[in-house]
1. Just the residues that are closer than 25 Å to Lys96 by Cα and either in contact with a Ser or Thr (Cβ under 9 Å, 6 or more places away or on another chain) or basic (Lys, Arg) (or both), please, taken from region 172-200.
2. Of all helices (runs of 4 or more DSSP H) completely enclosed by region 18-134, which ones contain at least 2 residues that are buried (at least 16 other Cβ atoms within 10 Å of the Cβ), within 12 Å of the ligand (Cβ to nearest atom) and β-branched (Val, Ile, Thr)?
3. Regarding Ala340, is this residue more than 22 Å from Lys403 (Cα to Cα) and crowded, with 22+ Cβ neighbours inside 10 Å?
4. Quick one: what pairs do we get from region 325-339, first residue over 17 Å from Asn298 (Cβ atoms), second buried (at least 16 other Cβ atoms within 10 Å of the Cβ) and of a type in the set (Gly, Ala, Ser), C-beta under 9 Å, 6+ apart or different chains?
5. In region 173-195, which residues are of a type in the set (A, V, I, L, M, F, W, C) and in a strand (DSSP E or B)?
6. For region 358-365, does any single residue satisfy the condition of being in contact (Cβ under 8 Å) with a residue 60 or more places away in the chain, under 16 Å from Phe443 (Cβ atoms) and of a type in the set (Gly, Ala, Ser)?
7. Tell me which residues, restricted to region 397-419, are out of contact with any helix residue (DSSP H, G or I) (no Cβ under 9 Å at 6 or more places or on another chain) and at pLDDT below 95.
8. Could you list all residues from region 586-604 that are part of a loop (DSSP other than H, G, I, E, B), buried (at least 20 other Cβ atoms within 10 Å of the Cβ) and hydrophobic (A, V, I, L, M, F, W, C)?
Amino acid sequence: MSDVPDIKDLFEPKSIAIVGASGNPDKIGYKILENVVVSGFNGKIFPVNPKGGDILGLKTYVTIEEINEEIDIACIVIPSQLVYDSVLSCAKKKVKFLVIITSGFSEVGNHELEAKIVAVAKENNMRILGPNIFGIYSSRGHINATFGQKDILPGSVAIITQSGALGIAMMGKTKTANMGLSAMVSIGNKSDIDETDLLEYLMHCEDTKVIMMYIEGIKRGNRLAGILKQVTRKKPVIVIKAGKSKRGALAAASHTGSLAGADEVFSDIMRQCGAIRAESVEEAFDWCNFFANSKIPNGENTVIITNGGGIGVMAADACEKFNVSLMDDIDTMKRIFSNAVPSFGSLKNPIDITGQATISDYEKALDAANNEDKISSVICLGCETAVLDADKLPIIIENIMQKAKKPFVFSFIGGVKFDECIVQLKKKNIPITNDVYEAASCFGAMSANYRNIHKRTDNYSDIKAIDKQMDFEKIERIVSKVKSENRNFLLANEASQVMEAGKISMPKSKIAKNTEEAVEYAGSIGYPVVMKIVSKDIIHKSDAGGVIVGVKNSDEVYSAYGKIIDNCKNYKADAVISGIEIAEMLRPGVESIVGARKDKALGPVVMFGLGGVYVEIMKDVSFRSFPFDRQEALELVKETKTHMLLEGARGEKKKDIDVVTDMILKLGLIVEKVAVISDIEINPLRVYDEGEGAKAIDVRILLNGA
Ligand code: COA
């Protein structure tokens with residue numbers, strides 16, 4: 001068995017020492033001790049303070065070593081310059097977890113001190129939460145070891161937060177939002193424990209129905225993706241990430257790098273892993289409350305019931321915006337709602353029970369929807385009218401919620417009485433609002449979660465089969481030769497060899513060292529040909545004027561040769577030119593781009609989108625964290641507009657999407673398996689009609705350090 005403590009002991013400790021506990025009510029060391037005491041923690045509490053005595057009626061120890069019992073958590077609340085010595089004492093005492101509240105480490109550039117503490121903890125099998133955190137609350141452990149609010153409502157939402165101040169504010173907000181917490185963990189600098197460790201525990205924690213994460217930066221993205229894929233199969237994970245709109249956070253030696261604005265990649269990867277990204281704290285809270293209290297849908301057939309046509313249309317629009325599928329089985333809707341809808345109402349979705357609808361008409365319609373298995377969820381809307389008795393509204397809503405077999409959400413618009421009704425029902429955790437968009441947004445999150453659970457395949461046998469076709473030993477040989485020549489960039493012929501080893505089809509080509517060879521090769525390949533510069537110093541060939549297409553005869557070969565050399569010398573006078581590639585001129589097809597790169601924070605990331613020279617202007621690209629299966633590769637393709645071209649736009653034939661997904665998986669495998677390759681990119685990948693394959697026209701491969 002490993003000596004590394006089980007993360008369960010962090011959430012369900014049997015004992016806690018508070019190092020820096022203080023008798024001064026203004027100090028954080030006092031607040032934390034007080035919160036632990038009043039939270040009803042039934043384990044042992046050991047305040048530690050050099051002054052000894054007692055604090056809040058508890059015997060206070062002068063040093064941690066003095067305590068004669070096992071300590072699961074040492075919560076450290078002393079100034080940063082004292083923390084290292086205290087951690088050494090905790091190591092002697094064989095403490096399992098250090099919850100380091102103290103600020104003044106890597107967040108202010110003090111990396112060295114943080115690294116020293118992490119090293120001692122590692123050597124002594126201690127795990128660190130923090131530093132720079134406000135602590136941890138766990139309803140299962142009956143412990144509130146934070147300096148946030150005292151009276152936390154226990155419940156089924158777990159929050160992991162990287163921001164301290166926002167985290168404490170969110171703790172306060174749970175009270176006004178009537179949202180019960182199963183856990184609240186501040187992760188601060190994430191020097192050791194990060195969101196992935198916590199998710200591993202929360203995934204199995206029966207008290208937790210939904211998880212909210214506030215993230216600022218990612219350190220182990222690949223591990224996060226792996227864990228998220230598992231967690232989101234069991235419970236919804238809602239993510240709020242700060243730092244939107246920042247582009248180009250990733251290094252930009254290739255299109256894949258420069259297009260990968262960290263935020264877009266993060267969003268795509270979250271979606272891939274089934275996590276649902278909220279735009280704001282407000283939205284995240286709405287979703288959490290909804291998930292915590294709602295039934296689980298059995299499908300994607302939502303019905304809207306309304307007494308007003310306008311609000312019904314607004315809700316239908318909102319459903320489209322949030323990707324909520326509305327039921328279109330007219331026969332079923334006619335059958336079940338005809339009793340509740342007058343002849344001048346509508347039995348098409350939205351079901352319009354009309355402005356004359358009374359409370360009992362609503363009751364009939366809601367019951368009918370609840371009892372019909374083909375309906376998976378219900379949006380119930382209402383506008384205030386003289387015939388709709390607002391006093392009775394809460395009763396019928398509560399009634400239906402008590403017997404609900406599926407998710408319901410309510411949106412009612414009107415005067416004071418309606419607003420009071422909303423406030424009253426919200427207190428009972430009924431999902432009701434006066435904004436149809438808010439209601440539809442909850443269903444959007446629910447639908448995304450449903451699709452993740454039921455449609456994500458994670459069938460990795462696909463990749464294994466593709467892996468077998470590829471010759472990785474050969475790829476390793478090619479790149480080590482390049483490395484031995486102190487280059488971080490493969491020349492065209494070397495990249496072609498990698499493609500050959502990866503069974504990726506390329507146009508016929510040869511590298512000419514002079515005009516005579518160029519003419520000879522063009523003749524053997526067959527006119528027309530494409531001519532491209534081969535130089536280790538020129539990555540963006542077109543930008544350098546290093547590519548000429550449609551060269552039709554030997555005279556044109558002569559002139560193109562000279563022109564390319566001149567252009568490239570003008571572009572970069574000291575560029576070393578190894579020759580000019582003479583390549584088969586391919587027939588037209590759809591030009592796409594496929595790229596893969598190893599990102600420091602996110603691990604292997606694969607990109608697909610619209611190819612050609614305008615990729616960075618069009619930015620029609622999407623990303624995924626590798627590994628993923630063929631189904632996910634297809635989802636990646638479908639997320640782009642290029643997909644419409646591949647499906648056969650304007651009467652054209654459908655293109656070979658299977659081969660495209662093959663290429664996507666192949667490039668993912670290359671960056672994942674070949675340690676020294678940092679970037680690989682095919683642009684354009686010219687895709688032909690279904691069954692006719694695709695050809696990698698230009699390939700760029702970069703090695704670590706490029
Ligand atoms: N072991 C135990 N207790 C010790 C100690 C030791 N080695 N050395 C000092 N102490 C005691 C002090 O005597 C003091 O107790 P007292 O009030 O009885 O005198 C107590 O620990 C706290 O030390 P003090 O020097 O008064 O520090 P402080 O309370 O002013 O500040 C921190 C300590 C940790 C709160 C502060 O350094 C800090 O980091 N603040 C920011 C916290 C934060 O914002 N975290 C992130 C939130 S998101």
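1. First pass over region 172-200, keeping only residues closer than 25 Å to Lys96 by Cα: 181-200.
Selection gives Leu181, Ser182, Ala183, Met184, Val185, Ser186, Ile187, Gly188, Asn189, Lys190, Ser191.
2. On the way: elements: 28-38, 80-92, 111-123.
By residue number, 28-38, 80-92.
3. On the way: more than 22 Å from Lys403 (Cα to Cα): no; crowded, with 22+ Cβ neighbours inside 10 Å: yes.
Considered against the rule, which asks whether it is more than 22 Å from Lys403 (Cα to Cα) and crowded, with 22+ Cβ neighbours inside 10 Å, Ala340 comes out as no.
4. Phe337/Gly345; Phe337/Ala365; Phe337/Ala368; Phe337/Ala369; Asn339/Ala365; Asn339/Ala368
5. Leu181, Ala183, Met184, Val185
6. Step one: list which residues in region 358-365 are in contact (Cβ under 8 Å) with a residue 60 or more places away in the chain, which gives 365.
Those left that are additionally under 16 Å from Phe443 (Cβ atoms): none.
Among the residues of region 358-365, not one is in contact (Cβ under 8 Å) with a residue 60 or more places away in the chain, under 16 Å from Phe443 (Cβ atoms) and of a type in the set (Gly, Ala, Ser), which makes the answer no.
7. Of region 397-419, the ones out of contact with any helix residue (DSSP H, G or I) (no Cβ under 9 Å at 6 or more places or on another chain) are 402, 415-416, 419.
Listed by number, the residues that qualify are Gly415, Val416, Asp419.
8. Scanning region 586-604 gives a single hit, Leu602.
The values are calculated or read from the model by the stated rules, or taken from the named source; none is laboratory data. In this text, all values refer to a predicted model and were calculated from it rather than measured experimentally. Backbone-built Cβ (ideal geometry, glycine too); neighbour counts: all protein chains shown.
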